[in-house]
1. Which value, in debye to the nearest 20, gives the size of the charge dipole of segment 19-171 about its Cα centre, when Lys and Arg are +1 and Asp and Glu are -1 at the Cβ?
2. Please find, in a Gaussian network model of the chain (springs between Cα atoms separated by less than 10 Å), the residue of Ile135, Ile153, Ile65 whose mean-square fluctuation is greatest.
3. Ile114: net charge of surrounding residues, Cβ under 10 Å, Lys/Arg +1, Asp/Glu -1, itself excluded?
4. Under the classification rounded if a/c is under 1.5, otherwise prolate if a/b is larger than b/c and oblate if not, where does segment 19-102 fall, given a ≥ b ≥ c as square roots of the Cα gyration tensor eigenvalues?
5. If we count other beta carbons within 10 Å of each Cβ, what is the order of Phe105, Phe85, fewest first?
6. Starting from the Cα of Asp171, step 7 Å along the direction of its Cβ; do the same at Ile121; then give the gap between the two resulting points in nm.
7. Test of understanding: ordering Leu141, Leu157 by Cβ neighbours within 10 Å, fewest first, what list do you get?
8. Pull out the extension gain between Leu141 and Ala69, defined as 0.36 nm times the separation in residues minus the alpha carbon to alpha carbon distance; nm, one decimal.
Amino acid sequence: MSVGTRDARGHVISHSTDVATRVGRSLKLDLQLSIHRPPQSVRAWWTDLPDEYVAKDPREQPHRIRVLARDGNRIDLVGTWRGPFGTERLLPEALRVREDGSWTFDARAMGLRIHDEFEAIPSGDGTRLQIRSTITPAGPLGRIVARLMGRRILRMLARGWPTAASICERDAP
């Protein structure tokens with residue numbers, strides 16, 4: 001697996017947080033990950049969720065997923081995320097699979113709206129996974145959290161997505 005990030009003009013840059021930008025009130029992160037699996041396997045690993053999932057790999061976040069409802073191309077779920085000092089946080093999310101095969105995750109936490117878009121593009125003998133994350137404040141609390149922790153959250157995502165991609169490369173069907 002390899003990780004590459006690009007700026008708005010498509011030029012390769014050296015560090016993923018270089019591509020994190022503030023656009024209006026939102027923070028955005030754009031990553032491209034190379035995964036040595038076919039696109040349909042990558043998509044299945046991310047979107048074909050069982051009703052209950054417990055991660056086998058301790059690096060995986062969320063480490064537990066419970067599906068609450070399925071409605072057409074939408075899955076409502078709650079993810080259990082590891083926090084500091086052994087704490088756990090529950091995060092309700094909505095997964096949507098689009099007709100073109102791309103998919104999104106949407107969540108609200110700490111006054112922030114988090115929107116992640118994924119597209120699995122064939123690339124040689126594998127897949128180029130394009131991930132776009134957008135964090136938007138939702139009200140006064142969100143503006144405070146975005147100002148104090150926004151860049152830190154983006155750095156966490158920039159480290160977390162490649163970890164998820166390496167697990168996908170290993171475990172995808």
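1. Computed about the Cα centre, the dipole is about 900 debye.
2. Result: Ile153 has the largest fluctuation of those listed.
3. Working: positive: Arg108, Arg113; negative: Glu93, Asp106, Asp116.
Net local charge, Ile114 excluded: -1.
4. Values: a/c = 1.33, a/b = 1.04, b/c = 1.28.
Since a/c stays below 1.5, the shape of segment 19-102 is classed as rounded.
5. Values: Phe105 20, Phe85 4.
By the 10 Å Cβ count, ascending: Phe85, Phe105.
6. 2.7 nm
7. Values: Leu141 12, Leu157 21.
Ordered from fewest to most neighbouring Cβ atoms within 10 Å, Leu141, Leu157 come out as Leu141, Leu157.
8. Details: separation 72, 0.36 × 72 = 25.92 nm, distance 2.86 nm.
Full extension from Leu141 to Ala69 adds 23.1 nm.
Computed from the coordinates by the stated procedures, all read-outs in this text should not be read as laboratory data. Keep in mind it's a predicted model, so treat the numbers as computed, not measured. Neighbour counts are summed over all protein chains in view; Cβ atoms, including those assigned to glycine, are modelled from backbone coordinates with ideal geometry.
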